[in-house]
Every structure is written in C-alpha cells, then in structure tokens.
Amino acid sequence: MRRLLAVLAMLLAPPSGAQQAAAPPVVEIVFEGNAATQPKVMLRELVIRIGEPAEPQALERSRQGLLDLGLFRAVDLRTEPVGGGVRVVFRVDERYYLLPTPRFDAKSDGRYAYGAQVRWDNVAGLNHTLRVFAEQEDRRRQGIGRETNYAASYSAPFAFDSPYTIAISTGYSSRPVETTDGEFTENFRSVGIGISRTYSDGPASQGRSVGGGLGWQQQRTSGALAPPAYGAALSPSAFVSHRDFHNRIYSDVGRYWLLRARFADEALGSDYSYVDLDTAFVRQWQVGRTEHQTVHLRAYTGAYFSGPDEVEQYSLGGASFLRGYDSSFIEGNAYYYVTAEFARPVWKRWLRWVVLAEAGNVFRRPEDADFERTYGSLGAALRVRFSHFVNFEVELGYAIPLDGSSGRIFASRV
C-alpha cells in the first residue's frame, strides 16, 4: 500500500520547474549612464519586454545585446523590486565617439603615405557613423606619381525609426601618369547609396540582413597626350549577410558571412559592362580557460568579370592581407585569401600577442584562378585594443613570406 501511495504521489507531483518560484514580471526598464546614446537605440537590442517574466537568461542576453552595439565600455545589470514586479536597470559606461587619427607610412624603398581620418561614431546618439578620409600616397609604381585620395561615408541604422539601414558614400582620387607617349592626369570619382534590412529574432542588430544599392563610378583623363577614358558605370548591387557576433570589450566571438554582387551594363546607361562577386566568412571563438584567448578564421574571395582592361580590382600584400609581402605586390581581377590567428592576453587584457598564418593569390582574370601557386606568410604581433573608443584596435608585428624572401615589419588597424 505504501509503495502504491508513493507511486501515486510521484505521478501527481508538479514538475520540478513548477515548484520553483516564477520569475517576477518586468514593470519598468531604466537606462543609466547613457549621456549621449538615445534610449530607443538601446531598447532595440533588448529581448526582455515590459510585462514579460524577468528570466535570468533573457536579462543576460539583453545585457550582451547592449555590449554588442560596441558603444559602451561596460554594461551592468541589476533588478529592483517594485509594486507588481521588478524594475530592470542597465547602467552603461559610454566610450568616446569622436576619433581623429593621423596616418603616416614610409618604406625603405621610398614609398610613403600620409593623411588623416576623422570618425564620428554614434552621431546624435543614434548609432550612426560618419567617416571622412584624406591622404597623399606615393606607391613608387612605374609611371604613376603621387596620388591624392579623399573619401567620406555615412551609415544610418534604423534610419528615421524605420527597420532600414541607409548608407551613402563618395570618393575622389587623382594621380599623374607618365607613359612613353607623354604625361597626363587620371581622376576617379564615385558615389553610392545602399539600403538594407536586418531580420532578427533577438537583438535588432544581429541576424540576417538583405539589401541592395546603386553606385556610380567614373574615370577621366586630362592633358594634351591623355588616352581616352574608359568612362563611367552605373552599378546596381545586392547582398545578403548574417551576423552573430558578440563584443566582450577586449575580444570578440561569433561568426559573420557575406555574399555580394554588383554589375554594370552598357544597355543600362554605363560606358562599359562588368560583374563583380564577393564573399566573406569570419569565425572567432574562445578557447581554453584564459579570458580573451581566442582563435580567428577568416576567408575572402572576389571575382571581377569583363570591365575595362586597365582595371585591377583586387590586390594583396601589406599590413592587412599577406603581411609578409609589400603592399599591393600582386594585383588582378580575382583573388582568394584565408588566415588563421591565435590571440592570448599578455600582462593586461587590452594587450594580446597574436600568431598568424596567411595564404592567398590574385589572378589577372577569374578564368585564370587555380591553386597551382599560393603565396603565404607566417607572423607574430602585439595587438592593442583601446576600449575608450569604438572599434579601435591596432597591431605591430613581423611577418615572413613562405617563398624564402625577407620578412617585414607591419603595423595597422585591425
């Protein structure tokens, strides 16, 4: 009889989860410390809602969503009991949003570049971004003199409180060119606009994005002996991407991928036709028990079909891609590049040493692409992340090409 009663008691007992006290409902959401950032920007990244239970997992996911904006050095969370539930308070430590940075680069073979960039993040507290760039550069390329480059861009996520991101950009470059026939000046101009939308079941800035845009680029030549310009192109574009990337102040983990296509056609108002395809894949994750010890895998490909014979769309070499080689040591209209990195803190969390391996190649035409020849390099660097600014990380290191040539020091923003 006792055994029968015990069995009945087990069958009639409520599930163990029901025996625990239900999470109290969220009555109010409060932000503290956001002197610049507007509350509506922060609310979009929360997965908790007023009236819903204050579940610990949802609270932590919301806190991480605010960190993933990249606008804050820290996000702290606390709950306070109030009548009918709890008040959820997020306290943030904002970064500096205006960052002017000089640029200077000099090589032993006489190549140099100097200029400046101004980046304004979180414009008007809306998480918009403005960038302005100016540079003088002499690559010591045969027949090409000192180049002057200007560029500006503005990105507006959730523009006008809509679900859409609007991005605009413009650029101008000028350089003297010398050929066997004489000298002339070559100018490049570009303007672009793009619109995209992100679909997310969590923080609004994470998830799948779909978008498109329209670009215009023009090449002009001037001078008594200038050859004919190849003209202008009007290029529609489309892309799809997915973002599941998480900011941990001194490191990042997650994944990101992108597929993008654009084209121009003489039948649609362009002086020439082309098709351009690009892909990107990034994966970063924590390894071991050491905080901010991470492994990074990145892969990029591109193919530019048709177009003017003078155009070389891609290049490798320099401080960011194939660091063991000189800047733009190889150029063409198709490429691939892969890299693997291991990063570990040394002394302080903001300082990490990095070992890396890279491989890639560039081909004159997409039809020439193969794996018969691959350029590679191995390197080591110190990487510093300045947490007071948005997305500001720099590295200084040394890389050795795998073809037996001498190595080189590299320095760049990450």
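Readers should treat all values here as calculations from the given coordinates under stated rules, not as data from a laboratory. Just so we're clear, the structure is a prediction, and the values are computed from it rather than from any experiment. Here the Cβ positions follow ideal geometry from the backbone for every residue, glycine too, while neighbour counts run over all protein chains shown.
For the stretch 230-248, backbone nitrogen atoms closer than 19 Å to the point 7 Å from residue 197 Cα along Cα-to-C-beta are found at 237-243. Taken over the Cα atoms of the stretch 263-381, the convex hull encloses 125 Å³ per residue.
Segment residue 101..residue 315, full-extension length gain: 74.6 nm, with 0.36 nm per residue of separation and the alpha-carbon distance subtracted.
Taking only the Cα atoms of the stretch 110-229, the ratio Rg/Rh comes out at 1.13, with Rh defined as the Kirkwood radius.
Dimensions of the stretch 172-302 along the principal axes, based on C-alpha atoms and rounded to the nearest Å, stand at 66, 33, 21, largest first. The length gained by stretching the chain between residue 225 and residue 208 to full extension, at 0.36 nm per residue less their Cα-Cα distance, is 1.1 nm. Taking other C-beta atoms within 10 angstrom as a stand-in for reagent exposure, 37, 148 fall in the order 148, 37, fewest first. Over the chain, dividing the summed -39,500 (n - 2.57) contributions of all DSSP H runs of at least 4 residues by the number of residues returns a 222 nm mean residue ellipticity of -2000 deg cm²/dmol. Averaging the Cα positions of each part gives two centres, and for the stretch 27-56 and the stretch 300-340 these lie 44 Å apart. Grab the beta carbon distance between residue 371 and residue 295, set R0 = 22 Å, and tell me the FRET efficiency rounded to 0.05. Working from the Cβ atoms, E equals 0.35. Computed extension gain for residue 114 through residue 281, at 0.36 nm per residue and net of the alpha carbon distance, reaches 57.0 nm. The peptide list 406-412, 159-165, put in order of mean Cβ contacts within 10 Å with the highest first, becomes 406-412, 159-165.
A Förster distance of 41 Å, applied to the separation of the beta-carbon atoms of residue 50 and residue 238, puts the FRET efficiency at 0.65. Each Lys and Arg Cβ is given +1 and each Asp and Glu Cβ -1; about its Cα centre, the stretch 25-94 then shows a dipole of about 100 debye.
Each of the peptides 202-211, 222-231 was scored by the mean count of other Cβ atoms within 10 Å over its residues; in descending order, highest first, they stand as 202-211, 222-231. About its Cα centre, the chain has a charge dipole of approximately 1800 debye under the convention of +1 per Lys or Arg Cβ and -1 per Asp or Glu Cβ, with nothing else charged. Using the Cβ of residue 62 as centre and a radius below 12 Å, the other residues enclosed give a net charge of -1, where K and R count +1 and D and E count -1.
Evaluated on the chain, the Kirkwood hydrodynamic radius is 24.8 Å, with distances taken between all distinct Cα atoms.
Sorting 92, 384 by the number of Cβ atoms found within 10 Å of their own Cβ, with the fewest placed first, yields 384, 92. Using only the C-alpha atoms, the convex hull of the stretch 25-94 corresponds to 73 Å³ per residue.
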